[in-house]
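Engineer: Handing you this structure, nothing more for now.
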Amino acid sequence: MRSFITALNKGILALAIVAGMAGTARADVLTIFSAVSTTNAMKEIIAAYKESGGEVRVSFGATSTLAKQIENGAPADIFLSADNKWMDRLEKAGFIKSETRVPVVANSLSLVKPKGSDFPMIKIEKGMKLKDALKGKRMAVGDTDHTAVGLYFKDAAKYLGIWEEVEPTLAMAPSVRAGLTMVERGEVGAGIVFKTSGLVSDKVEIVGDFPQESHGPITYPIAQVKTSSNPDVAKFYAFLKTAPAKAAFSKYGFKPIME
């Protein structure tokens, strides 16, 4: 019993130390959780921000994964989401400061194929023969139950009337980047990605974009996490409105919309 109590006390002490470290990290360095599809642009933006004297670190991941980490108490100051539904969830549950939520950039949803493959350049429209175009191969997409790209695709496929036909062909991935990698390696016949992801890869070709009306606006909202009191949040928000930040987003296919 004594050994159990001793071990328990050590465990409690370890948790306290970790919590203290997390708190210190939050106070000293601006911590950003950013959707994986923003990786290239955000790396350039953060590099420029650091040159201005700002201290920041960023964690990239699937929007759903990052949102769940915030729900579980991860020490983040800012959340940049690729999906409004996950941001809605955090807002309703009280995990973000509603008054800080604003859209930053817009994106598109694209169908891509391995570069040089025989996948046809089909037109994306209602009743399209997407399953036939796959010729028995599978199609990569982020998990349609929780990833941003997957949720948008499910909406688009239902709108186009092809969901029931293509659902059995889907090779689910944990993120848009993971799905893109499957296409790049030729493991699938095609894939669904955000256009920005397709543009940065020299191993895939964009077949076409899904109509905006098929899935609604793809906007990336940003918000300050409720537990954050970091004064540099406002500074980073202001930097996102500058010409260098907007140029970085545009360079990788995003449309800056933050005012």
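The values are calculated or read from the model by the stated rules, or taken from the named source; none is laboratory data. Fair warning: this is a prediction, and the values are worked out from it, not measured in the lab. Positions of Cβ are generated from backbone atoms using ideal geometry, with glycine treated the same way; all protein chains shown enter the neighbour counts. Calculation scope for accessible area: heavy atoms of the full protein, side chains included, ligands and nucleic acids excluded. Shrake-Rupley method; radii C 1.70, N 1.55, O 1.52, S 1.80 Å.
Engineer: Among the residues of the range 216-234, is there at least one that is at pLDDT 95 or above, of a type in the set (F, W, Y), touching a strand residue (DSSP E or B) at 6+ places or on another chain (Cβ under 7 Å) and not in a strand (DSSP E or B)?
Structural biologist: No, every residue in the range 216-234 fails to be at pLDDT 95 or above, of a type in the set (F, W, Y), touching a strand residue (DSSP E or B) at 6+ places or on another chain (Cβ under 7 Å) and not in a strand (DSSP E or B).
Engineer: Against the definition (under 26 Å from V200 (Cα atoms), at pLDDT 95 or above and surrounded by 14 or more Cβ atoms within 10 Å (Cβ to Cβ)), how does L90 come out, yes or no?
Structural biologist: Working: under 26 Å from V200 (Cα atoms): no; at pLDDT 95 or above: yes; surrounded by 14 or more Cβ atoms within 10 Å (Cβ to Cβ): yes.
Here the answer is no, as L90 does not meet what is asked.
Engineer: Moving on to the next point. What are the residues in the range 154-206 that are part of a helix (DSSP H, G or I), of a type in the set (S, T, Y), in contact with a Ser or Thr (Cβ under 7 Å, 6 or more places away or on another chain) and open to solvent by less than 50 Å² (accessible area, probe 1.4 Å), if any?
Structural biologist: T196, S197
Engineer: For the range 55-73, which positions are over 21 Å from E99 (Cα atoms) and either in contact (Cβ under 8 Å) with a residue 12 or more places away in the chain or open to solvent by less than 10 Å² (accessible area, probe 1.4 Å) (or both)?
Structural biologist: Residues satisfying the conditions are E55, V56, R57, V58, S59, F60, G61, A62, S64, T65, Q69.
Engineer: Under 6 Å by Cβ, and 6 or more places apart or on different chains, what pairs join a residue from the range 231-258 that is closer than 20 Å to I218 by Cα with one that is surrounded by 14 or more Cβ atoms within 10 Å (Cβ to Cβ) and among the small types (G, A, S)?
Structural biologist: Filtered contacts from the range 231-258: A248/A41; F249/A41; Y252/A41; K255/A106; I257/A106.
Engineer: Here's something else I'd like to know. Determine which member of the set V112, V141, V102 is modelled with pLDDT of 95 or more, among the β-branched types (V, I, T), in contact with a strand residue (DSSP E or B) (Cβ under 8 Å, 6 or more places away or on another chain) and open to solvent by 40 Å² or more (accessible area, probe 1.4 Å).
Structural biologist: None of the other options fit; the residue is V102.
Rundown of residues vs (1) among the polar types (S, T, N, Q); (2) within 19 Å of K154 (Cβ to Cβ); (3) open to solvent by less than 30 Å² (accessible area, probe 1.4 Å), yes/no style:
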{"site": "F210", "(1), (2), (3)": "no, yes, yes"}
{"site": "I218", "(1), (2), (3)": "no, yes, yes"}
{"site": "Q224", "(1), (2), (3)": "yes, no, yes"}
{"site": "T227", "(1), (2), (3)": "yes, no, no"}
{"site": "F236", "(1), (2), (3)": "no, no, yes"}
{"site": "A243", "(1), (2), (3)": "no, no, no"}
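Engineer: Say whether the condition of being part of a loop (DSSP other than H, G, I, E, B), under 14 Å from I192 (Cα atoms) and either modelled with pLDDT under 95 or open to solvent by 10 Å² or more (accessible area, probe 1.4 Å) (or both) is met by at least one residue in the range 125-135. Walk me through it before giving the result.
Structural biologist: At the first step, the residues of the range 125-135 found to be part of a loop (DSSP other than H, G, I, E, B) are 125-129, 135.
Next, from what is left, pick out any that are under 14 Å from I192 (Cα atoms): none.
Checked the range 125-135: no residue is part of a loop (DSSP other than H, G, I, E, B), under 14 Å from I192 (Cα atoms) and either modelled with pLDDT under 95 or open to solvent by 10 Å² or more (accessible area, probe 1.4 Å) (or both).
Engineer: Pairs please, first residue from the range 89-106 and under 17 Å from S228 (Cβ atoms), second anywhere and hydroxyl-bearing (S, T, Y) and surrounded by fewer than 19 Cβ atoms within 10 Å (Cβ to Cβ), Cβ atoms under 6 Å, 6+ apart in sequence or on different chains.
Structural biologist: If the second residue must be hydroxyl-bearing (S, T, Y) and surrounded by fewer than 19 Cβ atoms within 10 Å (Cβ to Cβ), the pairs left are E91/S98.
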